[in-house]
Amino acid sequence: MTEGDSALLGLLFPAGGRVAPEQMIGRQGDIADLVERLRELAHVVLSGPRRAGKTSVCGAACAALHDEHDFLVIELEAPEQSSAGGVCQLIIDRAARLDLQRISKGLMKAAVPTVQKLLEDQGVPLDISRFGADVPDATRRATLELPLAIARQQRRKVVFFIDELQRAVDYADGISLIHDLVDIYSGNPDVVVLVDGSDERTIERLLSPPYDLGRLGQRRPLPHTIPADQWRRPLLDRFERAALFISEERLERILEFGGGRPYDTMAGCLYVGLNARRLQSDTIDDFVLEHGLEEARARLDEDN
């Protein structure tokens with residue numbers, strides 16, 4: 001098996017990490033629904049189990065809003081830290097990146113980039129690491145307001161996407177962070193907030209008192225499974241693209257293994273395909289199938 005074979009199978013059957021919109025199966029309706037909600041400036045908390053594809057769906061919706069409706073997108077993943085300082089620094093960094101993009105396109109004529117000027121006016125440095133874990137309340141709020149300031153300055157709508165925000169329940173100032181976010185963006189017509197979080201990782205706690213994120217956005221559960229009839233044709237096509245023949249009966253066994261769950265189903269396909277390549281077989285027979293599914297099961301057990 002060559003590196004090219006492995007790369008092709010990884011592209012056709014992505015199992016882990018964010019999946020590109022064109023590689024997703026069975027999520028087009030969820031993406032379209034999320035795009036419509038965000039386009040209408042409804043703040044959304046997308047929830048679901050781990051490995052259901054929440055971040056991939058959010059990323060696809062953000063890309064569509066940027067391409068089709070000229071939204072700016074500010075995206076970050078909340079880090080696992082002791083305070084909101086990491087979130088604040090990421091907001092500054094992502095906002096500053098928008099300035100760099102405008103400069104590279106010749107759209108910014110001012111000597112001082114927008115983000116730097118906005119922060120200087122409030123006495124906030126571009127690098128807030130000097131505060132350590134004790135970020136002042138005024139600094140935290142000023143950084144949270146950056147997406148709003150950029151939206152108004154550029155006269156464009158902004159999607160403010162925070163991945164894994166439920167990690168804030170472990171921040172010493174997590175309650176204050178969420179309260180600031182709710183206060184700034186509730187009812188705001190210029191910025192729409194998108195949050196995703198795992199059911200297993202305290203999203204319920206984040207939505208309820210004392211955090212009260214539920215006052216900001218509508219919860220939109222993402223189904224954790226995709227119906228079998230939406231899997232069959234795309235997966236048959238992808239095995240064909242990999243120059244591997246699989247019968248409909250053996251594909252059904254992979255679908256039973258995956259139970260409609262995106263991660264499990266793709267892992268099953270990936271390891272069956274990799275096993276066929278190692279055995280130099282262009283046909284998925286029972287031996288290839290069973291050993292591939294054993295490897296997939298071991299990976300899922302290890303991941304869980």
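Among DSSP bridges having both ends in the chain, what percentage is antiparallel? Round to the nearest 5.
Values: 0 of 22 bridges.
About 0 percent, rounded to the nearest 5.
Considering the chain as a Gaussian network with a 10 Å cut-off on Cα pairs, which listed residue, A60, A78, A20, attains the greatest mean-square fluctuation?
Answer for the Gaussian network model of the chain: A20.
What are the ³J(HN,Hα) values, in whole Hz, obtained from phi via the Karplus relation 6.51 cos²θ - 1.76 cosθ + 1.60 with θ = phi - 60°, for each residue of region 43-57 in sequence order, with x given for Gly and Pro?
5, 10, 10, 8, 10, x, x, 4, 6, 7, x, 4, 5, 5, 5
So how far, in whole Å, is the C-alpha centre of region 145-193 from the one of region 247-304?
41 Å
Between D93 and D134, 0.36 nm times their residue separation minus their Cα-Cα distance comes to what? Walk me through the numbers before you get to the answer.
On the way: separation 41, 0.36 × 41 = 14.76 nm, distance 1.89 nm.
The span from D93 to D134 would gain 12.9 nm if fully extended.
With each label point set 7 Å from Cα along the Cα-Cβ vector, what nm distance links A63 and E240?
My value for the distance between the label points is 2.4 nm.
At 1.4 Å probe size, what's the solvent-accessible area of D5? Round to the nearest 10 Å².
40 Å²
Can you list the residues, at least 5 places off or on another chain, whose amide H is less than 5 Å from the amide H of E77, using H built in the peptide plane?
D163
Using each residue's phi in region 97-103, evaluate 6.51 cos²θ - 1.76 cosθ + 1.60 at θ = phi - 60° and report the 3J(HN,Hα) Karplus result to the nearest Hz, with x for Gly and Pro.
Per residue, the Karplus-derived 3J(HN,Hα) values read 4, 4, 4, 4, 5, 5, 5 Hz.
The values are calculated or read from the model by the stated rules, or taken from the named source; none is laboratory data. Keep in mind the model is a prediction, meaning the values are calculated, not measured. With ideal geometry, Cβ positions are generated from the backbone for all residues, glycine too; neighbour counts draw on all protein chains shown. Surface areas here come from the heavy atoms of the whole protein model, side chains and all, with no ligands, DNA or RNA. Shrake-Rupley method; radii C 1.70, N 1.55, O 1.52, S 1.80 Å.
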